[in-house]
Protein chains: 4
Amino acid sequence: MALEKTVDFGKVQDIDVLNLSSLEKRAAKVIGKGEFGYIEEGSDDEYTKKHNTAAFNEVHLLPRVLQNVEEPDQSTEFLGNELASPLLAAPIAGNTLAHESGEIGLAKGTKEAGIMMAQSTFASKTIAETAAISDGAPYMFQLYMPKDWGYCKYLLDEARNAQASAIILTADSTLGGYREADIINNYHLKGKIANLDGYNTGKKGVGAGSLFAESMQSLNLDLIEKLGSYSGLPIIVKGIQHPLDADNAIKAGAAAVYVSNHGGRQLDGAPASIEVLPAIARTVDHRVPIIFDSGVRRGTHVLKALALGADLIGVGRPFSYGLALGGWKGVQAVAEHLKMEINIAMQLTGSRTIEDVKKIQISSDLKF
Amino acid sequence: MALEKTVDFGKVQDIDVLNLSSLEKRAAKVIGKGEFGYIEEGSDDEYTKKHNTAAFNEVHLLPRVLQNVEEPDQSTEFLGNELASPLLAAPIAGNTLAHESGEIGLAKGTKEAGIMMAQSTFASKTIAETAAISDGAPYMFQLYMPKDWGYCKYLLDEARNAQASAIILTADSTLGGYREADIINNYHLKGKIANLDGYNTGKKGVGAGSLFAESMQSLNLDLIEKLGSYSGLPIIVKGIQHPLDADNAIKAGAAAVYVSNHGGRQLDGAPASIEVLPAIARTVDHRVPIIFDSGVRRGTHVLKALALGADLIGVGRPFSYGLALGGWKGVQAVAEHLKMEINIAMQLTGSRTIEDVKKIQISSDLKF
Amino acid sequence: MALEKTVDFGKVQDIDVLNLSSLEKRAAKVIGKGEFGYIEEGSDDEYTKKHNTAAFNEVHLLPRVLQNVEEPDQSTEFLGNELASPLLAAPIAGNTLAHESGEIGLAKGTKEAGIMMAQSTFASKTIAETAAISDGAPYMFQLYMPKDWGYCKYLLDEARNAQASAIILTADSTLGGYREADIINNYHLKGKIANLDGYNTGKKGVGAGSLFAESMQSLNLDLIEKLGSYSGLPIIVKGIQHPLDADNAIKAGAAAVYVSNHGGRQLDGAPASIEVLPAIARTVDHRVPIIFDSGVRRGTHVLKALALGADLIGVGRPFSYGLALGGWKGVQAVAEHLKMEINIAMQLTGSRTIEDVKKIQISSDLKF
Amino acid sequence: MALEKTVDFGKVQDIDVLNLSSLEKRAAKVIGKGEFGYIEEGSDDEYTKKHNTAAFNEVHLLPRVLQNVEEPDQSTEFLGNELASPLLAAPIAGNTLAHESGEIGLAKGTKEAGIMMAQSTFASKTIAETAAISDGAPYMFQLYMPKDWGYCKYLLDEARNAQASAIILTADSTLGGYREADIINNYHLKGKIANLDGYNTGKKGVGAGSLFAESMQSLNLDLIEKLGSYSGLPIIVKGIQHPLDADNAIKAGAAAVYVSNHGGRQLDGAPASIEVLPAIARTVDHRVPIIFDSGVRRGTHVLKALALGADLIGVGRPFSYGLALGGWKGVQAVAEHLKMEINIAMQLTGSRTIEDVKKIQISSDLKF
């Protein structure tokens, strides 16, 4: 950790977290209007974005009593990583929009909290910079498939060097959703794509705004084998919302399925992510683990997703807001708050372990 | 197109379209209060009008990934017309209420966008005036069945001369819905019915206000044969909301079924148009194509209607608002915006073609 | 009608009726606060009152087209009365709270409109006074069963003399619902019970406030036979919300079943009246006609209730508001407005007659 | 009752009760902000707290008529106690937060109203102080299982001396729910735990804030036998929301099952208490009686819970608010108001007795 001492994490401070949702308003005051709009917005009418969180209310956890539970243990394992809690800081582009420390702040905060982090291709810091902080802590790399195979290989090499546990292939964003806040704010994603700097193309400093221009639009199942074969790393497919796509991905070699609608930023009118999880989990049937994100704001949401079949739960925007408010300490505070809520919810559902949580009964069939 | 050069399209300008719904407020500022009320209102409590759009939220598109899609192709064919997109500017009476160019602005805008247009019997411009602009572009004529068979024949002759692809027989408006804005505004539909001018009845300049007085109230299935036989054109029945009526119309010779509740302007308390589409599509079972309108405001709405069985999707008021704001360029801008949203939605649902869109799975059965 | 000339109908004027719901606010300005509260309020949280009207939105009428309908005929017959429309001015206590003419204004207005009226035991005018105006027009008498059989016989005699078509036995109000507006307003129902004046008890001028004190609380099925036998008139049981009660009442001799929850004034937490109608209609199975009220505010509501099994549709508060605003002309205006809405709805559902309306299909089973 | 004369009940006054919900705002003015927040709040987003009451609207009571009911009798029996109504003042910690008289005010008010009361381990008054007022009236003691078995025995001895009808073992609160009002208000539960004073531990005056520190977190089914065996009293398990827990508790010797989600103060995201009642009642199948609480604010709610299988209905916060506003007279006024609403609802559902109420039909299956 000698390295860390020389690293500038920017302005770092302790923050109070009343709850995850309450961070949004506070972060809006410290992030620029255009940047905040870019982070916060969903696509079109934001139906899917809002529905992601609201739909958790349709899933009721049935509490259990007299189960002899004391100090529940929320530690778990994911692809060989020991985690203090089944939480993932979901990959987000350009974290310097929120805070000068960007991904290195995220890496430090999640490492301190003992949870998984994923870094985006479009990160503000290079893989190597982030890995220097992460330093063996649970880490994955999210790939927006480049058009340029040489650049792709460079990214995979860097990810392997960074001890990434897996490559997350982004499959739901072959183009960007229609997000109106950017148009209203006349906002174009600023900042360079750091990961291009190390690659010898002369494209150094290419703006993040051209991100889809640099990415391959037409993706297919063969990529799973191709990426896995080159990198030697497990390949996870992100953005799965249809049981058939989950099945196809597993048959094509995916090491995990990542259920997500990109936090409602892509296809508006898609179901809430939690609504598609049960059908996908039935199809996956424990062949590979399932990552889940989109709309998670409470410890009980984490339990609901686990009870409906997920193994690792991603949270996105709230970590950006925590980062904006307190640097890496803000990130850690968000994780610790969530762990506290998870602990209470485990105790009140009579769950000693995460395996117990996965057996919690959902009450949909208890109506009158 | 020499003709067009001599035509006065009124005030024409480029407009920004953030989304279709946002045009309403802007248009309200440039259209007279009474005229705007007439265009915007639904009947009674506007339950059906509001429900038309809201009900789309109950239909979830299931996104697909890794489908090898790049640059989806939304072109399609309808009754022999090549269309750049499965879109129809649904027939609306008296378009000069919105903009001085009326139907000739609509004709120009839709032609430029490569989509279908339909002209109402109660248009502000004659069929011939509109046809001069349309000039072979996809065009249909909507008939409010006149009491006077001579006048009906005159309209059919004009429509045939205008190269209409079909006659749309309006079946759901044998009288007008109860619309309160007109009463509150003390508004009576102004402007003459242009199509009466060319007909030698001495009724030239009859006000649009007398439109139902001039129309036949008691319609029946025999009209399909009668109109088709005289005109030699395909006859489409508009306003179908019951599977039995769809079946009857097809058996009586209809070339297509037009599912619509008139944008919620007729029977309030009728289901949302999208709610009746699946049952009608099952009954039609591909014997004839299906046109659908009422409540469409988003590209995803277009996909949902296609996925539930429609072939051509009508949009009404937003084209009037586009016309009001920018003349024919406003009409084109509305169409282009919708095409952009359709393109994104096709990409994100893994749809290369409109035929693929029709196979998108709706998620109603994926709930917990 | 010579009599009418000598009758004082109080202040009478033409009123505009935009729709039935809009009358409430206008009437609140001309009726005293306490009196208005008494008329308008529902019991407890007013859940059932509000749900009565809202639940109509869950019933969708399926429009029909090309049915050869012109000028629908909404005339009907009920217990031997020819009615211009299947409408009933539902019985309401103390109509002078709304307008000085009270029940004689109601009688005049409903007679002019050709619809049925029902007079309450707790009317502000005597049966004889009302009958002098009604004069053979469709009329029923609503009985709050008195404790005093002599008084009951007197009321039945008066009703028979008034040519009442039936006696409506109020069964759902053996005590009053808990209505908070009266407590907030410190309001006690004022005015005398006119029908006591003609009965030789020395109770002349007894306040309406003691109305439940004068009424029998413990009612049973034997009353139907007892009342019918004495009066020779058909007995209708009002306030039925359970299929079993409908069956019991018919087996005990009831001439009709009156489905109602008293406009949400009695048991809050009861279903919307329209929700219980289908099950009751299935049980009644055309053995006797069905009257329906509670929540009806639109012509389409009338059609929905008819389509779900009712034969005569009661409207309550809106007639009081019409009476308050225009005297008997206000009552007539409310009826005429509703007839206009019914006419449009019949045309748009392809219904030539009320019998056709009863066959309209409800769309509950057409959802995705 | 000689004792009572010497007791100081603090400020006592008659209060008007419009309805139970309306007491909240009034009480907020006389209770300190932090104290009020502690009493009023639910956990997390308060979804379950709000849903507890809202879900009653999904249960419709079907009124019955002509059932020969007069002056319904709501008296009932519970574990050998004659009650004027099937009501329980549910156990609440630290009642001096609301009013200086605390539990002795509650004991006096409930005794006057003839209903059951339950005292919390964390009461502001000792069991003996409360018993001196209760003096043989229906009374139960709610146990938060102490870590110290000696202290537990002391509490059980005191409860037996107080003639407690049963010990209610709190099973759903092995730690506190996450309640944000306390954090916002920086509020820590004040006041001592009176019941510690009489126990010779040197812990006299331990603050209620340490209440979970003093309680056993890991509870199991064996406690039922252990507590019953030592105390000789019936043991009731409180906080049951899963049919399996009900079954387990009965098999382990529980004398009754207490269905509750702690008024939405524990696991947010749990179902409304009324939603789980039917399934639990089916499982219990009359082997033991069922107590129900959470969300009850109306007489009709009491009837709904009884109709769905409960035997005794707890009400919590409204009694605290009544206590705050009028001391013991406020408590009695709340009970009397509820009895009045129950009386009306029984009459209007044709229920002569509580046994009749349990047979009321719920209308869920009467929808279209």
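Any residue in region A:32-48 that is among the polar types (S, T, N, Q) and either more than 14 Å from every other protein chain (Cβ to nearest Cβ) or in contact with a His (Cβ under 9 Å, 6 or more places away or on another chain) (or both)? Checking region A:32-48: at least one residue is among the polar types (S, T, N, Q) and either more than 14 Å from every other protein chain (Cβ to nearest Cβ) or in contact with a His (Cβ under 9 Å, 6 or more places away or on another chain) (or both). Here is the figure for region C:276-306: residues that are more than 26 Å from C:Pro72 (Cα to Cα), more than 18 Å from the chain's Cα centre (by Cα) and facing another protein chain (nearest Cβ under 8 Å) total 1.
Give the residue, chosen from C:Ser85, C:Ser134, C:Ser75, that is more than 14 Å from every other protein chain (Cβ to nearest Cβ) and closer than 30 Å to B:Asp222 by Cα. Answer to the check: C:Ser75.
When each of D:Lys11, D:Lys50 is tested for being at pLDDT 95 or above and within 20 Å of D:Gly322 (Cα to Cα), the lone residue that passes is D:Lys11. Pairing residues of region B:171-189 that are of a type in the set (Lys, Arg) with residues that are crowded, with 19+ Cβ neighbours inside 10 Å, at Cβ distances under 6 Å and at least 6 apart in sequence or on separate chains, gives B:Arg179/B:Glu41; B:Arg179/B:Ser43.
Select from region B:248-272 the residues that are of a type in the set (S, T, N, Q) and more than 13 Å from the chain's Cα centre (by Cα) and write down the one among them that is nearest to B:Ile235 (Cα to Cα).
Across region B:248-272, the extreme among qualifying residues is B:Asn248.
Is it true that some residue in region A:166-174 is more than 14 Å from chain B (Cβ to nearest Cβ), surrounded by 21 or more Cβ atoms within 10 Å (Cβ to Cβ), among the small types (Gly, Ala, Ser) and under 24 Å from A:Ala333 (Cα atoms)?
no
Going by the structure shown, is B:Ala254 of a type in the set (A, V, I, L, M), farther than 23 Å from B:Gly42 by Cβ and assigned to a loop (DSSP other than H, G, I, E, B)? When the stated conditions are applied, B:Ala254 passes them.
Remark: pairs (first residue in region D:251-272, on the phi < 0 side of the Ramachandran plot and more than 7 Å from every other protein chain (Cβ to nearest Cβ); second residue assigned to a helix (DSSP H, G or I) and acidic (Asp, Glu); Cβ separation under 7 Å; 6+ apart in sequence or on different chains) = D:Ala252/D:Glu225. For region C:224-273, a tally of residues being under 24 Å from C:Gln163 (Cα atoms) and either in contact with a Pro (Cβ under 7 Å, 6 or more places away or on another chain) or open to solvent by 10 Å² or more (accessible area, probe 1.4 Å) (or both) returns 13. Scanning region D:315-368 for residues that are at pLDDT 95 or above, part of a helix (DSSP H, G or I) and charged (D, E, K, R) yields D:Arg317, D:Lys329, D:Glu336, D:Lys339, D:Glu341, D:Glu355, D:Asp356. Here B:Leu277 fulfils each of the conditions (1) surrounded by fewer than 20 Cβ atoms within 10 Å (Cβ to Cβ); (2) within 30 Å of C:Leu303 (Cα to Cα) apart from (1).
Limited to region A:297-347, what total is found for residues that are in contact with a Gly (Cβ under 7 Å, 6 or more places away or on another chain) and of a type in the set (Val, Ile, Thr)? Selection size over region A:297-347: 5. Residue-level check: of (1) within 14 Å of chain A (Cβ to nearest Cβ); (2) not hydrophobic (A, V, I, L, M, F, W, C); (3) not in a loop (DSSP other than H, G, I, E, B), B:Lys108 misses just (1).
Can B:Thr48 be described as under 18 Å from the mean Cα position of the chain (by Cα) and under 23 Å from A:Asn261 (Cα atoms)? Taking the combined requirement at face value, the residue does not satisfy it.
In region C:309-359, of all residues being within 10 Å of chain B (Cβ to nearest Cβ) and open to solvent by 20 Å² or more (accessible area, probe 1.4 Å), the one that is nearest to B:Thr170 (Cα to Cα) corresponds to C:Ile344. Given the condition crowded, with 23+ Cβ neighbours inside 10 Å and in contact with a Pro (Cβ under 7 Å, 6 or more places away or on another chain), answer yes or no: does some residue in region C:125-142 qualify? Yes: region C:125-142 contains one or more residues that are crowded, with 23+ Cβ neighbours inside 10 Å and in contact with a Pro (Cβ under 7 Å, 6 or more places away or on another chain).
Can you work out which of the residues in region C:201-223 that are assigned to a strand (DSSP E or B) and either among the hydroxyl-bearing types (Ser, Thr, Tyr) or at pLDDT 85 or above (or both) is surrounded by the most Cβ atoms within 10 Å (Cβ to Cβ)?
Taking region C:201-223 and keeping what is assigned to a strand (DSSP E or B), we get C:207, C:215, C:220.
Next, only the ones that are either among the hydroxyl-bearing types (Ser, Thr, Tyr) or at pLDDT 85 or above (or both) stay: C:215, C:220.
Details: C:Ser215: 20, C:Asn220: 16.
The selected residue is C:Ser215.
Before we move on, is B:Ala113 under 15 Å from B:Val331 (Cβ atoms), aliphatic (A, V, I, L, M) and in contact with a Gly (Cβ under 7 Å, 6 or more places away or on another chain)? Judged against the criteria, B:Ala113 is not a match.
The values are calculated or read from the model by the stated rules, or taken from the named source; none is laboratory data. These figures come from a predicted structure and were not determined experimentally. Using ideal geometry, Cβ is built from the backbone for each residue, glycine included, and neighbour counts are taken over all protein chains shown. For the accessible areas, the whole protein counts, side chains as well, though only heavy atoms, and no ligand, DNA or RNA atoms are used. Shrake-Rupley method; radii C 1.70, N 1.55, O 1.52, S 1.80 Å.
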